[in-house]
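The values are calculated or read from the model by the stated rules, or taken from the named source; none is laboratory data. These numbers come from a predicted model, not from an experiment. FYI the Cβ positions are ideal-geometry reconstructions off the backbone, even for glycines, and counts take in every protein chain you see. When the accessible area is computed, the model is the full protein with side chains, heavy atoms only, and any ligands, DNA or RNA have been set aside. Shrake-Rupley method; radii C 1.70, N 1.55, O 1.52, S 1.80 Å.
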Amino acid sequence: MPITNYSVLQGQPTAGKVVTGSSTHYQITMQATGGPFTVAVNIESVDGSEVLYAILDNFQPPDPAALLAFVSGMHPLPSQPGGLALDFVRSQVVGQPIITLAQMALLPKKLALTNSADPALNAVDTLLNQTIANKGTIFAFGSAYSDKGKVDGIHDIHMNQGNPLNNHGSDNGIWQDGALFIHQPTTQTWTAVFIAFQTESWNTDNSGNPI
């Protein structure tokens with residue numbers, strides 16, 4: 001079964017922090033219609049597998065005009081090609097893959113992003129602070145959730161296919177990958193944050209299962 005409630009959340013960030021526990025997350029608070037919302041970005045795997053990440057400046061989304069046309073809030077997305085749904089394996093921008101495994105850097109599981117000296121955490125913090133200062137907008141792709149009606153948000157902000165069938169295989173699907181696209185209005189530029197896990201295959205079938 002693919003992830004549930006595949007969506008994109010459009011809003012303005014107000015704060016960010018590392019939250020530790022069974023699975024370490026970088027938690028972003030966002031103001032948006034129907035919110036505030038929590039964006040839970042996986043920065044450590046619950047099973048200890050190592051995290052892959054890429055932060056791409058001067059990024060070109062597949063359809064920036066359609067993204068900017070969204071009003072503030074949570075928006076369900078059909079998990080199919082031809083729309084705004086993301087697929088790390090299948091999405092293309094100007095004839096090129098939206099992201100490749102070769103572009104991803106390895107974040108050792110023992111360091112994750114819990115160490116303030118880690119360059120990836122510093123980069124995310126700097127990017128978030130710039131976005132807050134510039135009144136920028138974040139588009140968070142993933143699985144929308146409701147926490148007993150108290151805190152609504154979105155998670156699964158990472159690749160959601162290619163998992164081994166015995167390890168999160170039930171989350172596999174196509175056109176349902178998560179990411180952060182950040183738009184800076186002062187410069188009209190985009191930055192993308194992509195996250196995957198080393199256990200995930202980038203060669204998947206039409207069900208998102210590893211080939």
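Some observations on this one:
- Residues that are touching a residue at least 40 places away in the same chain (Cβ under 8 Å), open to solvent by 20 Å² or more (accessible area, probe 1.4 Å) and not in a strand (DSSP E or B), drawn from the stretch 130-150: GLN130, ILE132, ASN134, LYS135
- Identity of the residue in the stretch 36-60, at pLDDT below 90 and either in a loop (DSSP other than H, G, I, E, B) or more than 27 Å from GLY169 (Cα to Cα) (or both), that ends up most open to solvent (accessible area, probe 1.4 Å): VAL46
- Of all residues in the stretch 61-84, those satisfying the criterion of being surrounded by 14 or more Cβ atoms within 10 Å (Cβ to Cβ) and in a loop (DSSP other than H, G, I, E, B) are PRO61, PRO62, PHE70, SER72, LEU77, SER79, LEU84.
- Restricting the stretch 85-98 to residues that are over 23 Å from GLY11 (Cβ atoms) and in a loop (DSSP other than H, G, I, E, B), the residue that is most open to solvent (accessible area, probe 1.4 Å) is VAL94.
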